[in-house]
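All remarks here apply to the structure that follows.
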Amino acid sequence: MSLTMSIRSRRAPAESRAIAGSNRSGMTLIEVIVAIMLMTGAMLSMGAFIARYANVSGTMQRRIEANELVADRLEEVKGALLYSAIEAVYVKTESSITGHPGLTRQTLVTHTGGAAPSLYDYKTITVIVNGPGLKTPSKKTTVISIF
């Protein structure tokens with residue numbers, strides 16, 4: 001009887017620890033569900049961030065492309081050899097630009113002065129690029145005088 005008593009007394013503290021939870025080797029179902037919920041929330045928020053980033057990145061790429069087209073045209077007009085031919089050569093609307101599908105470019109020239117009594121003679125060049133993916137058109141203006 002003393003042998004049986006000693007075996008029970010040795011088991012009793014181990015069984016009480018397992019019940020109390022101090023000596024467990026795994027996670028409970030509740031802990032697993034909470035961990036999955038936290039991971040799901042983190043993944044969904046990262047997915048939303050990536051979607052917004054991709055949208056903004058695409059929009060900014062289109063805006064950069066439009067600004068480059070505007071700057072290219074302004075530099076082309078600034079380098080014109082004949083001041084008097086700027087209107088004839090550059091005033092136009094391009095509905096299709098090679099390598100830039102969907103974008104349209106409009107070049108406007110306003111001539112100020114130039115008549116005999118006038119002291120001023122300059123041209124205001126405005127270039128506007130518009131197309132899908134641009135919330136507002138890309139527009140820049142410069143002034144060129146006769147040299």
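Annotations for the structure displayed:
- Residues in the range 57-86 that are within 14 Å of the chain's Cα centre (by Cα) and closer than 16 Å to G131 by Cα: G58, T59, M60, Q61, R62, R63, I64, E65.
- Within the range 68-83, tally of residues that are exposed (fewer than 10 other Cβ atoms within 10 Å of the Cβ) and touching a residue at least 12 places away in the same chain (Cβ under 8 Å): 0
- In the range 22-67, the qualifying residues are those that are within 17 Å of L103 (Cα to Cα) and out of contact with any strand residue (DSSP E or B) (no Cβ under 9 Å at 6 or more places or on another chain), and the one that is surrounded by the most Cβ atoms within 10 Å (Cβ to Cβ) is R62.
- So S25, is it polar (S, T, N, Q) and assigned to a helix (DSSP H, G or I): no
- Filter result for T59 (touching a Gly at 6+ places or on another chain (Cβ under 7 Å), farther than 30 Å from V143 by Cβ and part of a helix (DSSP H, G or I)): yes
Taken together, the values in this text are just the output of simple stated rules run on the coordinates, not laboratory data. Since we're looking at a predicted model, the values are computed, not measured. For neighbour counting, all protein chains shown are included, and Cβ atoms are generated from backbone atoms with ideal geometry for every residue, glycine included.
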